[in-house]
Amino acid sequence: CPVAVAGLSPVLLPAAYRTSAVPAGHLSITFSGHASFLIETPGGASVFTDYNGYVRPPRIPDAVTMNISHDTHYTDFVEPEIKYVLRGWDPAGGIVRHNIRIKDARVRNVPTNVTELSGKLSNENSIFVVEAADLCVAHLSHLHHVLSKGQVRELGRVDVLLVPIDGAWTMSHQELMHVIGQIEPALIIPMHYGSGVDAFIALASKLYPIKRDTANTLIFSLRTLPRKTEVLFL
């Protein structure tokens with residue numbers, strides 16, 4: 001991924017080092033429901049998105065992200081075995097920033113839904129980005145607006161984009177199509193279903209092929225990603 005961050009130390013692993021069933025050069029994404037995905041890497045890193053305490057991962061991950069302070073996207077009750085708890089907002093106010101290395105993965109955020117109160121900026125949501133195996137996965141969560149040029153630059157290249165398709169609680173389908181066009185991912189995976197699923201498919205199918213997989217897990221590499229953007233329902 002093209003975004004370089006000063007001061008981030010690389011982690012070197014022996015070529016034979018494997019603690020995961022994910023093949024080298026691949027990532028695994030498992031859809032668990034609502035806006036929660038388990039992302040796993042060849043080096044054994046695991047990140048679970050929008051952890052809310054009731055949509056749970058199949059096993060304890062290294063890190064959980066909580067993109068917005070809504071009870072379907074976060075919880076204050078987290079298993080003590082989870083090492084990293086990354087909130088997409090700062091409870092004390094201000095703009096939150098995360099950029100951490102977990103085994104062979106990097107997890108960072110792009111603050112969104114920025115508001116100003118009494119002259120102080122704060123963000124209510126974050127797009128979390130997981131980078132590993134030369135791949136980038138971005139999770140939009142409760143994005144409420146199209147992206148600024150600065151946010152697009154900060155995201156960098158995105159291979160797989162996890163998008164909310166409710167059409168009402170996050171953003172309209174027209175706004176979502178605009179955001180997808182700004183990011184230009186290879187693969188779009190829907191989440192955050194609502195009554196707008198059919199409307200999303202009707203609009204998205206004019207722009208992208210729509211595919212469905214009966215499995216809830218996708219294992220992919222740069223070589224297996226589509227050359228032109230596609231939508232894949234897990």
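The values are calculated or read from the model by the stated rules, or taken from the named source; none is laboratory data. Only a predicted model underlies this, so the values are computations on that prediction, with no experimental measurement involved. Cβ atoms come from the backbone with ideal geometry, glycine included; neighbour counts cover every protein chain shown. Accessible surface areas use protein heavy atoms only, side chains included; no ligands, DNA or RNA. Shrake-Rupley method; radii C 1.70, N 1.55, O 1.52, S 1.80 Å.
Residues satisfying the criterion are absent from segment 138-146 (criterion: part of a strand (DSSP E or B) and modelled with pLDDT under 95).
Residues that are under 20 Å from Ser36 (Cβ atoms) and touching a residue at least 12 places away in the same chain (Cβ under 8 Å) are absent from segment 145-156 altogether. Residues that are modelled with pLDDT of 95 or more, under 23 Å from Met66 (Cβ atoms) and not hydrophobic (A, V, I, L, M, F, W, C) within segment 176-193 comprise Pro185, Pro190, listed in sequence order. Selection over segment 127-178 of residues that are open to solvent by 10 Å² or more (accessible area, probe 1.4 Å) and of a type in the set (Phe, Trp, Tyr) gives a count of 1.
Of the residues making up segment 82-96, those that are open to solvent by 40 Å² or more (accessible area, probe 1.4 Å), assigned to a loop (DSSP other than H, G, I, E, B) and at pLDDT below 95 are Asp90, Pro91, Ala92, Ile95. Quickly run through segment 69-80 and pick out the residues that are modelled with pLDDT under 80, open to solvent by 20 Å² or more (accessible area, probe 1.4 Å) and not acidic (Asp, Glu). Scanning segment 69-80 gives Ser69, His70, Thr72, Tyr74.
Having 3 or more residues that are open to solvent by less than 40 Å² (accessible area, probe 1.4 Å) is the bar; report the strands (runs of 3 or more DSSP E) wholly within segment 179-234 that clear it. Walk me through it before giving the result.
On the way: elements: 187-191, 210-212, 217-221, 230-233.
Filter on segment 179-234 gives 187-191, 217-221, 230-233.
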